[in-house]
Amino acid sequence: MLHVLGGMGRGGAPSFIINNLREIDGQKVQFDFLVRKDNCAFNETIEKHGGHVFVVAGFPGHLIANYKQTLKFFQERGHEYEAVHVHANALYYILPLILGKRYGIKKLILHSHNTQSNVCLLQPLHYMNKLFVDKLANVFLACGESAGKWMYGNRRFEVINNAVDVQKFAFDTASRKEIRSHFGISDDTLVIGNVGRFEDAKNHRFLIDLFFKYHSQNYKSILLLVGDGSLKTEIELKVKELGIQDSVYFLGVRSDVEKLYSSFDLFLMPSIFEGLPFVLIEAQCSGVKCLVSENVTTEALITDLVITKKLNDSIESWCEEISKSSQVINTKKRLLYSQVVKEKYYDIQYTAERLTSIYTS
């Protein structure tokens, strides 16, 4: 089967696919990938499971080249696939569904991964395509109820949870010691963490302002930022201008993020909008307290670890909430949360079984 998405970096949708790839029986289903950005972080895993990654020109930046290359791909390879699974944040890039239908692919799956678009200029196209979404696909999935409503309106769809490997992301004392030792972090230092792309939706500007205010009154605190993106350089400059570069660590894209969660004392997520964020599920699985904006869908709040605040609340009130949440949870209690996450059906084994059924039925 063929997965279609923007790219295969370490973001939400790619992580969703790779998590399931590792669990699904390769004798039943094989994954190939058609992407619009040559940024694959999972080549070794994909090749190990017999898959291939095909890259076409970007959309909408290279509209004509994208059309020609995508058309050629389906003309030459469309007959090889039983299903096409298109992962999208909005109904902009529908060409693979149209071509999949034209070249006889029986199962056309559309999967909503967000609750709004970050490309305002293209929103009219989303609402136009939404009117005939029934003709685009025959299987409709979403990461949550809000994401489904955004993509499909009142049409029926199935929620597939953004599940994680609960054993991998469970709290680990050794990992906590390893990470904190590596960065020279003392036991009495509050470690605040954020995992996410450096893009407008993740609200790093506010995050830095908030940490600057908190750190000015609580010097035994540091901020670990995991990820990459178009705004990273801007945020790095902002940190230097504020003079807190010794207390803010830019860790880039990491393959050991599960260890980092164990080192965190607080997970901070002041997003402007989200679908159903993987990273918040991962953080809860690790038993770390989470302070998030009210713009994060409530479906992701699956434990009592999460506190929400409005973005228009004062920075002082956010700092107060950080102080309230800063008491470290004991190790034994943190270990319990991976089981809580599993019981809420956010275990990857459950999701992999359901997807296998969808792909093969």
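Below is a table of values for the structure above.
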{"read-out": "Residue count, the range 47-76 (criterion: under 24 Å from the mean Cα position of the chain (by Cα), among the hydrophobic types (A, V, I, L, M, F, W, C) and closer than 30 Å to Glu23 by Cα)", "value": "4"}
{"read-out": "Residue check for Leu122: in a helix (DSSP H, G or I), within 26 Å of Glu274 (Cβ to Cβ) and in contact (Cβ under 8 Å) with a residue 24 or more places away in the chain", "value": "yes"}
{"read-out": "Selection count where residues are touching a residue at least 60 places away in the same chain (Cβ under 8 Å) and at negative phi, scope the range 284-298", "value": "5"}
{"read-out": "Selection within the range 120-146 - surrounded by fewer than 18 Cβ atoms within 10 Å (Cβ to Cβ) and under 19 Å from the mean Cα position of the chain (by Cα)", "value": "Glu145"}
{"read-out": "Hey, Val55 open to solvent by 30 Å² or more (accessible area, probe 1.4 Å) and of a type in the set (Val, Ile, Thr) or not", "value": "yes"}
{"read-out": "Residue match in the range 162-169 (condition: among the β-branched types (Val, Ile, Thr), open to solvent by less than 30 Å² (accessible area, probe 1.4 Å), outside any loop (DSSP other than H, G, I, E, B) and touching a Ser or Thr at 6+ places or on another chain (Cβ under 7 Å))", "value": "yes"}
{"read-out": "Among (1) among the small types (Gly, Ala, Ser); (2) modelled with pLDDT of 95 or more; (3) surrounded by fewer than 21 Cβ atoms within 10 Å (Cβ to Cβ), the one test that Ser117 misses", "value": "(2)"}
{"read-out": "Tally of residues being part of a helix (DSSP H, G or I), crowded, with 19+ Cβ neighbours inside 10 Å and of a type outside the set (Phe, Trp, Tyr) across the range 210-224", "value": "2"}
{"read-out": "Conditions (1) part of a helix (DSSP H, G or I); (2) open to solvent by less than 10 Å² (accessible area, probe 1.4 Å): number failed by Phe267", "value": "(1)"}
{"read-out": "Selection within the range 95-107 - surrounded by fewer than 20 Cβ atoms within 10 Å (Cβ to Cβ) and either on the phi > 0 side of the Ramachandran plot or outside any helix (DSSP H, G or I) (or both)", "value": "Tyr103, Gly104, Lys106, Lys107"}
{"read-out": "Pairs with Cβ under 7 Å, 6+ apart, first in the range 190-216 and closer than 13 Å to Ser247 by Cβ, second polar (S, T, N, Q) and open to solvent by less than 10 Å² (accessible area, probe 1.4 Å)", "value": "Leu190/Ser221; Val191/Ser263; Ile192/Ser221; Tyr214/Ser221; His215/Ser221"}
{"read-out": "Residues that are closer than 22 Å to Arg77 by Cβ and surrounded by fewer than 19 Cβ atoms within 10 Å (Cβ to Cβ), drawn from the range 19-28", "value": "Gly26, Gln27, Lys28"}
{"read-out": "Hits in the range 304-325 (condition: assigned to a loop (DSSP other than H, G, I, E, B) and either buried (at least 18 other Cβ atoms within 10 Å of the Cβ) or out of contact with any Phe, Trp or Tyr (no Cβ under 8 Å at 6 or more places or on another chain) (or both))", "value": "Asp304, Leu305, Lys310, Asn312, Asp313, Ser314"}
{"read-out": "Entirely in the range 1-80, the strands (runs of 3 or more DSSP E) that have 3 or more residues that are among the aromatic types (Phe, Trp, Tyr) and free of Cβ contacts under 8 Å to residues at least 12 places away in the same chain", "value": "none"}
{"read-out": "Total residues in the range 326-345, condition of a type outside the set (S, T, N, Q), part of a loop (DSSP other than H, G, I, E, B) and open to solvent by 90 Å² or more (accessible area, probe 1.4 Å)", "value": "2"}
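Residue-by-condition table, conditions (1) under 25 Å from the mean Cα position of the chain (by Cα); (2) surrounded by fewer than 17 Cβ atoms within 10 Å (Cβ to Cβ); (3) part of a loop (DSSP other than H, G, I, E, B):
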residue	(1), (2), (3)
Gly148	yes, no, no
Ser181	no, yes, no
Ile192	yes, no, no
Ile208	yes, no, no
Gly229	yes, no, yes
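The values are calculated or read from the model by the stated rules, or taken from the named source; none is laboratory data. In this text, all values refer to a predicted model and were calculated from it rather than measured experimentally. Cβ: placed from backbone, ideal geometry, glycine included. Neighbour counts: every protein chain shown. These accessible areas exclude ligands, DNA and RNA; they are computed on the full protein's heavy atoms, side chains included. Shrake-Rupley method; radii C 1.70, N 1.55, O 1.52, S 1.80 Å.
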